[in-house]
1. Taking residue 294 and the conditions (1) among the aliphatic types (A, V, I, L, M); (2) under 23 Å from residue 186 (Cα atoms); (3) more than 25 Å from the chain's Cα centre (by Cα), which numbered condition does it fall short on, given that it satisfies the others?
2. Are there any pairs with C-beta distances below 6 angstrom linking a residue in the stretch 282-293 that is under 10 Å from residue 154 (Cα atoms) to a residue that is of a type outside the set (A, V, I, L, M, F, W, C) and crowded, with 16+ Cβ neighbours inside 10 Å, with the two at least 6 apart or on different chains, and if so which?
3. Please go through the stretch 34-62 and give me each residue that is more than 13 Å from ligand 2 (Cβ to nearest atom) and either closer than 24 Å to residue 230 by Cα or hydroxyl-bearing (Ser, Thr, Tyr) (or both), ordered by number.
4. Out of 229, 255, report the one residue that is within 16 Å of ligand 1 (Cβ to nearest atom) and modelled with pLDDT of 95 or more.
5. Taking residue 158 as meeting all but one of (1) under 26 Å from residue 83 (Cα atoms); (2) without any contact (Cβ under 8 Å) to a residue 24 or more places away in the chain, write down the number of the exception.
6. What helices (runs of 4 or more DSSP H) lie completely within the stretch 1-109 and have 1 or more residues being at pLDDT 95 or above and closer than 22 Å to residue 120 by Cα?
7. Tell me the residue from 271, 260 that is over 30 Å from residue 51 (Cβ atoms) and polar (S, T, N, Q), please.
8. Please work out which residue is farthest from residue 158 (Cα to Cα), limiting yourself to the stretch 270-281 and to residues that are crowded, with 17+ Cβ neighbours inside 10 Å and not basic (Lys, Arg).
Amino acid sequence: MSEIQNLRDLPATHLLGTGTPMCAGCGGLAALHEVYDILGTRTVFVNAAGCMTLLAVYPFTPFRGSWLYTAMAAAPAGAQGVRDALDILRAQGKIATDEDLQVVVLTGDGSAYGMGLNATSGAMDRDLDFIYLCYDNEGYGNTGQQYSSATPHGARTATSQGTRGYPGFKKDLFAIWAAHRPPYLATVISSEPLDLARKIEWAKDIRGPRLIIAMAPCPTGWEFDPAETVAIGKLAVETGIWPLKEYRDGKVVHTKIVRQRLPVEEYLRRQGRFAHLFHPHRQEDLLAEMQQRVDRYWRQVEEAE
Ligand SMILES: Cc1ncc(C[n+]2csc(CCOP(=O)(O)OP(=O)(O)O)c2C)c(N)n1
Ligand code: SF4
Ligand SMILES: [Mg+2]
């Protein structure tokens, strides 16, 4: 007990980074650090099962604020319970307004794009006052990187081992969420910290459902050297694979438009999950198809400008 009290006294970042069983170079953890530094300790994280669950090992947690664990599909329902409890305590005068807490769902893409989508949609319908933070490592990372609805076409995962990788396509979660017309929605990545910080600063003072998708380069699941996390993240943006954008007042705005995009190949070839596109021979048709999809997206953005 005295050990926890000592840790809380440390004047360090809001998330204590030591002693956690996370992989080195985890892009999801980097995004969480950056988000938490802005939100601060008056935050309750409602954490759906996934890699970030491993941060807290009972009875210890690196979060200086509060943390609650839920089943994969249930985090927005858990967030509703916490929000309701806080509202009741405030109405009863048991906590003051400045003691109120920000309720934040912390979830992977397996829940956000799949198992938990129903609960998220319901929370938006109820106009739940919460932030929903999805770190998107494009697979079920915690259980060995099986494919999820966020896995990109052609990627090798534990459950898409064929020569052409995952046959499906990454779901457009941003568009699905935007169709619910929430007050705020944004994509971010830890390798663009200023863009991320500006969006979280904006989101934290709004009321209602605020949704953030953080692309999370994952050295273990994507098969790259942990020292490359920032470089891979920057390439995701510079090739146009990961558009940085936000949805505000019913409009989508891109917050970074790269005029001279790099070929998507520059991003793909640095990751073992795409190695079969290059060895034993180049799969020109798949590479061209991937490039065309990205080009088509940005052509539409440019035409709409
Ligand atoms: C209903 C259900 N099925 C399976 C599991 C096992 N499980 C725990 S974490 C996890 C992966 C979750 O993937 P994601 O949400 O993308 O988070 P990540 O592990 O990538 O951080 C799975 C399948 C579970 N906890 N609950
Ligand atoms: S598997 Fe990936 S997302 Fe999970 S802790 Fe490791 S690097 Fe992070
Ligand atoms: Mg995942």
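The values are calculated or read from the model by the stated rules, or taken from the named source; none is laboratory data. On a predicted model such as this, the values are computed, not experimentally measured, just so you know. When we count neighbours, we look across all protein chains shown, and the Cβ atoms used for this are built from the backbone with ideal geometry, even at glycine.
1. Single failed check for residue 294: (3).
2. 286/154
3. Passing the criteria: 34, 35, 36, 37, 38, 39, 40, 41, 43, 58, 61, 62.
4. None of the others qualify; the one that does is 229.
5. If we test residue 158 against (1) under 26 Å from residue 83 (Cα atoms); (2) without any contact (Cβ under 8 Å) to a residue 24 or more places away in the chain, just (1) comes out false.
6. Per the criteria, 27-39, 75-91.
7. Going through 271, 260 in turn, just one is over 30 Å from residue 51 (Cβ atoms) and polar (S, T, N, Q): 260.
8. Once the filter is applied, the top-ranked residue is 277.
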